[in-house]
Amino acid sequence: MTKFEILQDKLEQAREGGGAHRVDKQHEKGKLTARERVHLLLDPGSFEEVGALVTHRTTDFDMQDQVFYGDGVVTGYGTITGRLVYVFAQDFTVFGGSLSETHAEKICKLMDMAVKTGAPLIGLNDSGGARIQEGVRSLGGYADIFYRNVQASGVIPQLSAIMGPCAGGAVYSPAMTDFTIMVEHTSYMFVTGPNVVKTVTNEEVTSEELGGASTHSTKSGVTHLTAANDVLCLKQLRALLSYLPQNCEEKPADLPYTLGTEVREELLGIVPENPNQPYDMREVIRGIIDPESFLEIHDRYAENIVVGFARLAGKSIGIIANQPYSLAGVLDVDSSKKAARFTRTCDCFNVPLLVLVDVPGFLPGTDQEWNGIITNGAKLLYALSEATVPRVTVITRKAYGGAYDVMNSKHIGADFNFAWPGAEIAVMGAKGASEIIFRREIKKAEDPAAKLAEKEAEYGEKFANPYRAAQRGFIDEVIYPQDTRRKLIRAFASLEGKVTVLPKKKHGNIPL
Ligand code: HXC
């Protein structure tokens with residue numbers, strides 16, 4: 001063979017992965033191969049592979065006789081809509097995509113390159129975990145990746161797709177990245193699998209129930225997004241990236257947009273007259289943002305708060321919004337954690353925040369108190385107080401009690417706070433307030449119910465409106481709903497050059 005033929009032969013072997021029959025097995029499971037995934041993820045023809053000829057160094061268990069080029073992971077760089085990204089895709093056809101010392105080295109090399117060049121890193125996970133034949137060298141490899149995940153956190157966007165098994169300590173790399181997306185029915189994540197669970201706790205549970213996409217998108221919140229199959233998963237990754245910048249020094253790219261009147265009549269009439277009647281805050285979001293631009297994150301987890309990315313006049317923004325449709329939009333443990341995490345993600349990647357408020361307060365009860373609503377509610381308060389990106393609030397209806405403070409009030413550093421005319425900014429609702437402060441009067445009255453109604457109306461007139469807050473400057477402007485989009489476009493435009501200087505410190509101590 002000539003030297004060129006030798007090279008061609010090796011590259012062909014690398015492309016084959018674990019061989020044709022293993023590729024077929026992957027397809028039978030409804031999964032694409034690592035290379036197919038990389039090519040679908042990236043712009044056509046843009047992939048440059050790095051380390052295709054790497055092999056493992058193990059000789060235990062006669063492993064020297066089982067050598068595959070690439071060693072179970074395809075690594076390299078390419079572009080997504082012209083933007084440089086680094087990508088690794090674990091190749092399940094080679095030792096079940098298990099992580100050897102050299103497999104880990106390939107990923108680490110890529111992570112170092114991504115940080116050096118300030119470009120996002122995307123990991124496509126499909127692996128049986130630590131390469132069992134390599135013992136501690138494999139565990140060390142994982143730790144090398146974990147360490148780099150943390151060093152890169154807040155510097156470059158790190159996105160993880162789970163497209164097959166992801167078990168044991170392996171779950172902690174995706175968990176430390178900015179976003180995780182799971183493919184339905186073909187992926188799962190758990191620290192200990194069903195067999196160990198059965199041995200230790202006697203619970204019988206399937207892999208899907210324990211750690212499938214449905215479980216992690218509804219019960220645990222471990223995954224931010226789910227996709228019906230590999231193709232849609234890769235498409236979602238591309239979409240997600242479009243809202244994020246290359247790194248923490250840059251802003252997300254704008255889409256072209258020509259300003260019009262920006263009045264949106266559909267925003268009138270979404271909030272019902274009756275303050276106890278729910279409505280869908282997503283309708284308000286859709287009325288404000290550019291058409292079809294909402295990418296909701298964690299859409300089935302802690303549904304009493306809605307978070308996601310959108311575009312406003314072509315610019316990427318993050319939205320946090322109480323959802324009156326679910327638990328009346330109350331703040332609880334899970335919704336506070338969800339919104340706090342999203343706040344920090346937006347803040348580290350220079351995505352301005354829009355907060356839409358309709359919140360009756362924090363959820364009462366032993367369940368909430370014993371699960372730490374104090375610490376968890378504080379996470380959201382802390383994250384918003386700390387965020388230096390442009391921050392704008394619109395109160396659509398209720399802003400009661402401590403939740404008024406927490407939901408991006410002026411007092412914790414919001415830049416512009418607007419309220420719709422029907423907003424009620426008060427310590428609590430008129431009924432609850434009247435029952436407490438006029439208790440004696442109501443008790444003594446001939447008709448206590450009529451008295452309560454009278455007092456409720458009196459209190460409502462005085463406090464259940466946005467004007468007291470506007471008089472104090474806590475609300476910058478009371479606006480008509482149909483003008484909201486126009487006001488927000490201008491407010492965010494005015495904040496483009498915002499600079500905030502924080503006190504010098506090593507790092508804050510968010511109540512984790
Ligand atoms: C080496 C592995 C492997 C592993 C799978 N393979 N996992 N080889 N190390 N961890 C090999 C199999 O031997 C098999 O090789 C091929 O990959 C495909 O695996 P199958 O079992 O045929 O596939 P499937 O039926 O789809 O099952 C997938 C699986 C199962 C559920 C992932 O392979 C499995 O349970 N693997 C072990 C998982 C595990 O316990 N990993 C360690 C977790 S602890 P052949 O040649 O037969 O086709 C861990 C610690 C990390 O990861 C700590 C970090 C701090």
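None of the figures in this text is laboratory data; all of them are computed from the coordinates on show. All values derive from a computational prediction rather than experimental measurement. We place every Cβ from the backbone using ideal geometry, glycine too, and count neighbours over all the protein chains shown.
The charge dipole of segment 364-420, taken about its Cα centre with unit charges on the Cβ of Lys, Arg, Asp and Glu (plus for the first two, minus for the last two), comes to roughly 220 debye. The dipole here belongs to segment 1-155: it is taken about the Cα centre, uses +1 on the Cβ of Lys and Arg and -1 on the Cβ of Asp and Glu, and is about 420 debye. Give the shape of segment 64-183 as rounded, prolate or oblate, defined through the alpha-carbon gyration tensor: a ≥ b ≥ c are the square roots of its eigenvalues, a/c under 1.5 means rounded, and otherwise the shape is prolate if a/b is larger than b/c and oblate if not. Because a/c hits 1.5 or more and a/b exceeds b/c, segment 64-183 counts as prolate.
Hey, what's the Kirkwood Rh for segment 114-158 if you take every pair of different alpha carbons, in angstrom? Before the final figure, lay out each step's value.
On the way: mean 1/r = 0.0841 Å⁻¹.
Computed over segment 114-158, the radius equals 11.9 Å.
When the Cα positions of Tyr325, Gly30, Thr215 are compared along the charge dipole of the chain, Tyr325 comes out farthest toward the positive end, with charges on each C-beta of Lys, Arg, Asp and Glu. Of the peptides 201-208, 451-458, the ranking by mean beta-carbon count within 10 Å, highest at the top, reads 451-458, 201-208.
Go through Val200, Gln151, Val392 and say which Cα lies farthest out towards the positive end of the charge dipole of the chain; charges sit on Cβ, +1 for Lys and Arg, -1 for Asp and Glu. It is Val392, whose Cα lies furthest towards the positive end. Specify the inter-centroid distance of segment 312-330 and segment 266-305, based on alpha-carbon positions, in whole Å. Each part's Cα centre sits 6 Å from the other's.
Taking other C-beta atoms within 10 angstrom as a stand-in for reagent exposure, Tyr301, Tyr86 fall in the order Tyr301, Tyr86, fewest first. The sum of -39500 (n - 2.57) across all DSSP H runs of n ≥ 4, divided by the residue count of the chain, sets its helix-only mean residue ellipticity at 222 nm to -11000 deg cm²/dmol. Charge dipole (Cα centre; +1 on Lys/Arg Cβ, -1 on Asp/Glu Cβ; no other charges) of the chain amounts to roughly 1380 debye.
Expressed as a fraction of 2.2 N^0.38 Å, the rule-of-thumb size for a compact globular protein of N residues, what is the C-alpha radius of gyration of segment 378-462?
Working it through for segment 378-462, the quotient is 1.41.
The spread of Cα positions in the chain, taken along each principal axis and listed from longest to shortest, comes to 102, 58, 45 Å.
A straight line joining the Cα centroids of segment 436-512 and segment 139-201 runs 41 Å. Taken over the C-alpha atoms, segment 146-283 has Rg and Dmax values of 20.1, 65 angstrom.
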